[in-house]
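What follows is a short report on a single structure.
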Amino acid sequence: MIIRFLQRHREASVALIIVLLFAILGLVDRSYLSLDTVLLVYGNSLILFVLAIGATMVMATHGLDVSVGSIMGLAAVSAGLLMNAGWSIPAAIGVALLVGLLCGLINGALVSWLKVSAIVATLGTLGLYRGLVHLLSGGSWIEDLPEGFKALTKAGSLGLSVFAWLVLVLLIVAHFGLRYTAFGRSMFAVGDNRDGARLIGIRVDEVQIAAYGLNGVLAALAGVIFASQIGFIPNTAGTGMEMRAIASSVLGGVSLLGGTGTVLGAALGAYFMTSIDSILVLLRLQAYWNDIIAGAILLVVLITDGKIREAVDRLLRYQKYRKFIEPPAAGHQADATKAGLSLKTSEARK
Amino acid sequence: MKLHPALKRWESVLALLLVAEILLFGAINPVFLQPSMLLYATSDFIHIGITALALTLVIITGGIDLSLGSVMGLSAITLGILWVGGVDIWVAAVASLAVGTLAGVFNAVAIHLSKVNPLVITLGTGFLFGGAALVLSGLAGATGYEGISNFDPAFVNLANLEVLGLPLPLALFLVLTVAFMALLHRTRFGRYVYLIGQNPRAAAYAGTPVFRTLVVAYALTGLMAALSGLILASYFGSARSDFGATALMPAITAVVLGGTSIYGGSGTILGTALAALLVGYLQTGLQLVGVSSHVSSALSGGLLVIVVALRSLTEMGRVWVQHRRVLRNVAAE
């Protein structure tokens, strides 16, 4: 039963680890088990949540986007420049999201139409977009953002800021959208079996490009949230975020080979990556312990998960072919099929 | 159009591009053509080339190593910590090379044990090694920008030594290029590397020592990354934990631009070496004609995209022409 459950819900193991983590922290310090803490960690992980949604979509199509950090920076800089040039806040954010969409579509076109491998294509655009950031900003920080813009991440109703509510809605929409709509399912179909998806009538190229485009919009949103949170825009805005986004999604059970994963899982992964920070504070450790702990936990989860999955697969395959292995093969079966089956079973045992 | 087979190779295109690039920058700014300029400019980027050589092996096996940037920082910090602790600088250098090699072995073992995609595993180990470097430098009380400095002058001078008129890092790069060419193209190990990349299952059935080959490939990458970290420490006269942070993407760029398939199974060391020089000189040249270093990195990103897209397009065109020829022959019969 447990095996079947884990096979179906990869995100369950991360949820378990997070609950465990909070239980331990609760034992150390009772005040930690409060709604305030949860809200605080949630507020700190907004950017990673948004990026993880995008990464889940792209990875579902068996793609990978390492340029999201640069898209974040580009969108943040565009929004900042427009706002300081006197544009209204919604218009500036809108343009930033469009910039993100365009960047994402370029990635998608490279991968889908020009058949460049995803990591190489987005590696190139990672440098390209980051260079545009420096060109646009002229190499200096963008400061003096309007107060109204910074207020978007200040706590509002029920202790959540405007962006926090927006991200919550996005998470819900994306989770159910990917699971229960035709478009969402088609992304997983493309990632699982590209040719098969084409044969059942899915517009493979368009779906892939759309996934990258949406990922670009989400990365742009992450950039806007980043700018609003810290109140100025450095040239390095978003650097290194791509690895954190991919790590969150992988931690939450999204497969890099495409075809599996849920937004809920990726979000749990992102929440986990952020909550490591709070643990450090509680354990009175310096901030520089963050990466080594994140890396160690990531590896332990990945290797355990890989081992469990291998064992589960072997067990399921064994059950599937058991009837062909144990009783002597029925007499009326043709020799050819027997040969075929024994081939299959020997593979299944492996 | 009949071309000599050697001219059809990707390496020849790269070599031509490299010459054209140097001449073009030389035409804009003659300073660029001075031999000392051409030789000493390499010190800024040659560590990327050295790492890319070993990374080529890993990518040909169908794997990838995203942790090499962290290994660079880790080896530099190891050197710094040991030096501060009073260890002889040469012993410390050997120790940091050993740490880098161990990091590579750790990668291979983790990939082998978990059967998880190397991309994911090395992403995790990248956090781990980078985190270890941060912790070590934090414990030693080194600040982020200063790092650990005041090394033995003999070690700091190493990066400025000349061997046969070449700066030592460049000479090292050339020697390593030849060594890796021999290793990949002339030994049984090299053939195993290609076989594993072409078809891991067939390789396993053929009795290829898959695990051992992978361990050596990843260990060499760790070793070269550590060596690059030491070269940087000597060049800058200080050791910082974030040394390799910007080296990972250019290293992968050099390998891919050099003609190695990111899916594994094909590629050459010479291509990687030429591509590393091509990208490196592009950066230096652009800076010399007055383009800021950030914009020049954008241009090398653009170059990667264009070159790879063009290669992909010519491949698609070739397949299309081939199909047409076959179809026409069939129709004629």
Just name the residue that is farthest from B:Ser238 (Cα to Cα) out of those in segment B:126-149 that are at pLDDT below 75 and either out of contact with any Gly (no Cβ under 8 Å at 6 or more places or on another chain) or facing another protein chain (nearest Cβ under 8 Å) (or both). B:Gly141
Determine whether segment B:252-270 contains at least one residue that is surrounded by fewer than 23 Cβ atoms within 10 Å (Cβ to Cβ), farther than 23 Å from A:Val133 by Cβ, polar (S, T, N, Q) and away from chain A (no Cβ under 14 Å). yes
If you check every pair at least six apart or on different chains, which have Cβ atoms under 8 Å apart with a residue in segment B:123-137 that is more than 17 Å from B:Gly229 (Cα to Cα) first and a residue that is buried (at least 24 other Cβ atoms within 10 Å of the Cβ) and of a type in the set (Val, Ile, Thr) second? B:Leu123/A:Ile246; B:Leu123/A:Val250
The one condition in (1) outside any helix (DSSP H, G or I); (2) within 13 Å of chain A (Cβ to nearest Cβ) that B:Gly290 fails to fulfil: (2)
So which of B:Thr246, B:Thr272, B:Thr260, B:Thr268 ends up being assigned by TED's automatic domain parsing to the domain that holds B:Gly126 and over 30 Å from B:Ala203 (Cα atoms)? B:Thr246
Take segment A:123-153 and flag every residue that is surrounded by fewer than 19 Cβ atoms within 10 Å (Cβ to Cβ), within 9 Å of another protein chain (Cβ to nearest Cβ) and at negative phi. A:Leu135
Of the residues B:Ala6, B:Ala15, which is in a helix (DSSP H, G or I), out of contact with any Asp or Glu (no Cβ under 7 Å at 6 or more places or on another chain) and at pLDDT below 80? B:Ala6
Of all residues making up segment B:275-302, the number that are crowded, with 19+ Cβ neighbours inside 10 Å, modelled with pLDDT of 80 or more and not assigned by TED's automatic domain parsing to the domain that holds B:Asn29: 0
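Helices (runs of 4 or more DSSP H) wholly in segment B:122-216 with at least 1 residues that are aromatic (Phe, Trp, Tyr) and closer than 23 Å to B:Ala245 by Cβ - which ones?
Answer list for segment B:122-216: B:153-156, B:168-186.
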Going residue by residue through segment B:312-322, is there one that turns out to be in the same structural domain as B:Leu53 (by TED's automatic domain parsing) and in a helix (DSSP H, G or I)? no
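The values are calculated or read from the model by the stated rules, or taken from the named source; none is laboratory data. Because the structure is a prediction, the values reported are computed rather than measured. Note that each Cβ is placed from the backbone with ideal geometry, even for glycine, and that neighbours are counted across all protein chains shown.
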